[in-house]
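Here's the structure, in structure tokens; my notes come after.
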Amino acid sequence: MTTTSSVESPILDQLTEKDVTPAPPPLHESESDLIIDRRSIYYYQEPNTLKGSVVIASGQGSPPVWLESVFKNLASIAKLPTNWDSYGAKKISRDVMRESLLVLLELGPDGLPTPSVVPTSNGDIQLEWHELGIDMEIEIKPYGPSHIYFRDSATNIEEDLELKGDVTGLGNRLRDLARRSRG
Amino acid sequence: MPRDLPDYNHPPLVEVVLSVQFDELIEFSLPHFGLLWQKKYRSQFPRTEIHPPLNISTERFGVRSSSRPVVKLEMLEPPPLPRLWMLNDESGGLIQIQTNRIAYNWRKTRGEYPHYETIRPKFELALREFCSFVEEENLGNVTPNQCEITYVNHIERHGVWEHHGQVEKVFNFWSHSQHATGLPNTPENVTFSINYILPSPTGIPRGRLHVSMKPVFTRDNAEPLFELKLTVRGYPGDQSPRDCLDFMDQGHNSIVRGFTAITTPAMHDAWGRKQ
């Protein structure tokens with residue numbers, strides 16, 4: 001969308017206004033590759049390369065335990081070319097990577113274990129956990145989570161859910177997993 | 001247009017946007033922007049501008065957190081592709097293209113709002129031309145994942161209100177008790193943001209109506225205005241361009257009814273309400 005110049009306070013709606021705050025310079029660097037500033041904006045920059053990826057995310061409070069691992073995985077996935085599996089796999093788009101991170105930050109409760117971040121041949125990403133008696137897989141498409149598989153051997157609950165915008169069920173299952181992880 | 005949809009002779013509209021977000025076209029690269037402009041749009045939209053791309057924007061339901069985290073990925077290779085603006089300065093028409101979005105804007109330049117029935121076919125044509133280009137160049141498929149329609153209004157005084165504190169003269173859900181203890185009689189100004197979930201016929205959330213208002217002043221003579229923005233965003237049913245147009249129609253309906261529902265009869269009279 002465009003700005004309209006006739007007002008002093010210009011219209012900056014979703015089509016002209018970048019919906020991210022410009023990242024401030026880091027205030028301190030940790031020993032890992034993950035950088036966190038005092039406003040809880042997390043940065044990850046691939047070390048030792050100019051062709052690497054910079055991943056920037058914001059959250060509230062301390063960064064979750066899975067954050068650095070997921071950042072590193074996404075940075076690796078970003079470098080996969082088209083046909084990365086030699087069977088015609090699609091390149092993974094930035095939108096899919098961004099949504100993968102967003103789902104975890106938005107819905108991941110405290111104590112959520114670190115997921116495996118798996119690219120799929122059709123250009124999606126699958127977030128997976130196979131531990132503590134729970135198998136859980138979330139399919140991430142460019143617009144967000146589209147499918148969830150959940151199986152809990154302790155309770156015999158098994159779910160196979162299509163999601164279209166409504167992530168209530170996904171949030172519940174992530175909380176189940178985090179609760180189990182916390183003991 | 002449905003017969004019972006409110007209509008105005010002089011609505012306060014200054015901008016309308018119809019936009020479709022789709023799965024990123026990975027094969028769409030920098031030369032395609034120029035080729036697309038030349039083949040499909042240049043004759044009608046002769047001027048171009050380059051802008052940074054927008055992040056994707058997706059409605060999500062069932063999220064408990066009040067503030068959405070921000071995620072930004074910056075990759076040096078491949079470098080990010082821009083958003084191309086193609087403009088027709090005469091008509092106020094603007095087409096915006098990036099690798100995962102197409103938008104058609106009408107912006108008020110001169111004359112009255114041409115109404116949705118005039119803007120919709122222009123958006124439809126822009127979308128159809130884009131889809132045919134993607135097909136001709138073997139760039140994949142345009143798979144819509146979100147649709148969006150936005151109306152921006154600049155509400156002038158029209159002798160109904162004088163200053164930004166008189167919100168109740170424009171918006172009928174606002175009341176300010178003059179006898180409220182501990183508060184002055186009128187606020188200096190008011191800003192609001194309201195979201196409504198729009199269900200599908202089956203009851204499943206399909207999208208949201210976002211209503212926001214802020215006080216502004218005209219740049220040239222500092223006249224006060226209320227800037228009222230209404231956006232409907234959500235999921236197209238079967239992810240086809242046809243379904244996107246249906247979504248726009250329903251979104252337009254929700255916006256016009258919503259606009260009429262929250263504004264006062266005195267303002268309706270000032271805008272020349274016909275029905």
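Counting only residues that are assigned to a strand (DSSP E or B) and either outside the structural domain of B:Met248 (by TED's automatic domain parsing) or farther than 24 Å from B:Arg60 by Cα (or both), which one in region B:188-215 is most open to solvent (accessible area, probe 1.4 Å)?
B:Lys214
Answer yes if at least one residue in region A:104-127 is among the β-branched types (Val, Ile, Thr), open to solvent by 50 Å² or more (accessible area, probe 1.4 Å), touching a residue at least 12 places away in the same chain (Cβ under 8 Å) and more than 23 Å from B:Ile26 (Cβ to Cβ), and no otherwise.
Looking for residues that are among the β-branched types (Val, Ile, Thr), open to solvent by 50 Å² or more (accessible area, probe 1.4 Å), touching a residue at least 12 places away in the same chain (Cβ under 8 Å) and more than 23 Å from B:Ile26 (Cβ to Cβ), one finds at least one in region A:104-127, hence yes.
Can you go through B:Pro31, B:Pro46, B:Pro12, B:Pro2 and tell me which one is within 14 Å of chain A (Cβ to nearest Cβ) and not hydroxyl-bearing (Ser, Thr, Tyr)?
Among B:Pro31, B:Pro46, B:Pro12, B:Pro2, only B:Pro12 is within 14 Å of chain A (Cβ to nearest Cβ) and not hydroxyl-bearing (Ser, Thr, Tyr).
Yes or no: region B:216-225 includes at least one residue that is surrounded by fewer than 19 Cβ atoms within 10 Å (Cβ to Cβ) and closer than 23 Å to B:Arg128 by Cα.
no
Criterion first (open to solvent by 10 Å² or more (accessible area, probe 1.4 Å) and touching a Ser or Thr at 6+ places or on another chain (Cβ under 6 Å)) does B:Lys274 satisfy it?
no
In region B:52-88, what count of residues is obtained for those that are touching a strand residue (DSSP E or B) at 6+ places or on another chain (Cβ under 9 Å), within 12 Å of chain A (Cβ to nearest Cβ) and at pLDDT below 95?
Summing the residues that are touching a strand residue (DSSP E or B) at 6+ places or on another chain (Cβ under 9 Å), within 12 Å of chain A (Cβ to nearest Cβ) and at pLDDT below 95 in region B:52-88 gives 22.
Among (1) within 17 Å of the chain's Cα centre (by Cα); (2) more than 23 Å from B:Val211 (Cα to Cα); (3) open to solvent by less than 10 Å² (accessible area, probe 1.4 Å), where does B:Val134 come up short?
Of (1) within 17 Å of the chain's Cα centre (by Cα); (2) more than 23 Å from B:Val211 (Cα to Cα); (3) open to solvent by less than 10 Å² (accessible area, probe 1.4 Å), only one is false for B:Val134: (1).
Can you tell me which residue within region B:146-166, out of those that are assigned to a strand (DSSP E or B) and among the polar types (S, T, N, Q), is surrounded by the fewest Cβ atoms within 10 Å (Cβ to Cβ)?
Checking each candidate, the answer is B:Asn153.
Find all pairs meeting these conditions: Cβ atoms under 9 angstrom apart; at least six residues apart or on different chains; first residue within region A:159-172 and touching a residue at least 24 places away in the same chain (Cβ under 8 Å); second residue open to solvent by less than 50 Å² (accessible area, probe 1.4 Å) and among the basic types (Lys, Arg).
Note: pairs meeting the criteria are A:Val167/B:Arg60.
Can you tell me how many residues within region A:160-183 are outside any helix (DSSP H, G or I) and surrounded by 14 or more Cβ atoms within 10 Å (Cβ to Cβ)?
Qualifying residue count, region A:160-183: 6.
So which residues in region B:216-235 are assigned to a strand (DSSP E or B) and touching a Gly at 6+ places or on another chain (Cβ under 9 Å)?
Correct list: B:Leu230, B:Thr231, B:Val232, B:Arg233, B:Gly234.
The values are calculated or read from the model by the stated rules, or taken from the named source; none is laboratory data. Bear in mind the structure is a predicted one, so any value in this text is a computation, not a measurement. Ideal geometry is used to build each Cβ from the backbone, glycine not excepted, and the neighbour counts take in all protein chains shown. SASA here: full protein model, heavy atoms, side chains in, ligands and nucleic acids out. Shrake-Rupley method; radii C 1.70, N 1.55, O 1.52, S 1.80 Å.
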